[in-house]
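No lab work stands behind these numbers, since they all come straight from the coordinates. Source: prediction; values computed, not measured. Heads up, the Cβs are rebuilt from the backbone with ideal geometry, glycines too, and the neighbour counts pull from every protein chain shown.
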Amino acid sequence: MEAILRVENLSKWYNAGRPDEVRAVEDISLEVYENQYAVLYGPSGSGKTTLLSLIGTLDRPTQGRIFLYGRDITQFSDIELSRIRRQTVGFVFQSFNLFAGLSAWENVSYPLIPMGVPTTERFERAKSLLERLGLGDRLDHSPEELSGGEQQRVAIARALVNHPRILIADEPTSNIDTDSVGSLLEILTGLKEEGKTIIVSSHDPVIKSRAEVLFTLVRGRLKGISHGKNE
């Protein structure tokens, strides 16, 4: 079986060649397969978020290549990468990145606006996802009126609104309470059971324990690969 995501000798340097150069990711190679639950694990500063940003096409590497479904996306134009973000990859940010002043359903449906989807359809798609995630009574609430766990579920719904094949989540337990962690794990497990590929970064042992494949990062380098009991 061929990997849907293959990273080859990937590096990302900031301020390259200057005294304040930071090598956030250094010479990483890994593979993720269809419908796999993959976790990038390590302490703060280990390069997890940078690696996720590269995989999710939010940033470009300094060196190395990323193959997504067999295509070298490091050669893609900004327009082509934008298309991947709209059609293939859903990204859940650590800080949620919701728009203040917009309602929950407006936040969820926001990625559909550039695609020209009519307002009625945008609302129905957002409503369906929010109801599924237990927020059917929060459609018109703004982020300021929602708890951390509720904001995260809105962010997950937004990441799913375009039916991506891959869901990427950066430190998903860092800004929610203990009760919300269990709900999050159920959501991720349910999405995997539906056939989605899940790629998560975390320093949380609870997330680590659910991994089918665990990539351990230390100071920007891949230090180990291990497989969970479900593999």
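Given the criteria part of a helix (DSSP H, G or I), touching a Leu at 6+ places or on another chain (Cβ under 8 Å) and more than 24 Å from Ser46 (Cβ to Cβ), does Val154 qualify? Taking the combined requirement at face value, the residue satisfies it.
Considered as a group, the residues in region 126-148 that are in a loop (DSSP other than H, G, I, E, B) and of a type in the set (Ser, Thr, Tyr) include one that is surrounded by the most Cβ atoms within 10 Å (Cβ to Cβ), and that residue is Ser142.
Applying the criterion of being surrounded by 16 or more Cβ atoms within 10 Å (Cβ to Cβ) and assigned to a helix (DSSP H, G or I) to the residues of region 184-210, the residue that is nearest to the chain's Cα centre (by Cα) is Leu188. Does region 117-125 include one or more residues that are surrounded by 18 or more Cβ atoms within 10 Å (Cβ to Cβ) and either out of contact with any helix residue (DSSP H, G or I) (no Cβ under 7 Å at 6 or more places or on another chain) or touching a residue at least 24 places away in the same chain (Cβ under 8 Å) (or both)? The answer is yes; a qualifying residue exists.
Among the residues making up region 15-29, those that are within 29 Å of Leu214 (Cβ to Cβ) and either of a type in the set (A, V, I, L, M, F, W, C) or in contact with a helix residue (DSSP H, G or I) (Cβ under 9 Å, 6 or more places away or on another chain) (or both) are Val22, Ala24, Val25, Ile28. All told, Ser226 falls short of being within 24 Å of Glu26 (Cβ to Cβ), among the polar types (S, T, N, Q) and touching a Phe, Trp or Tyr at 6+ places or on another chain (Cβ under 8 Å).
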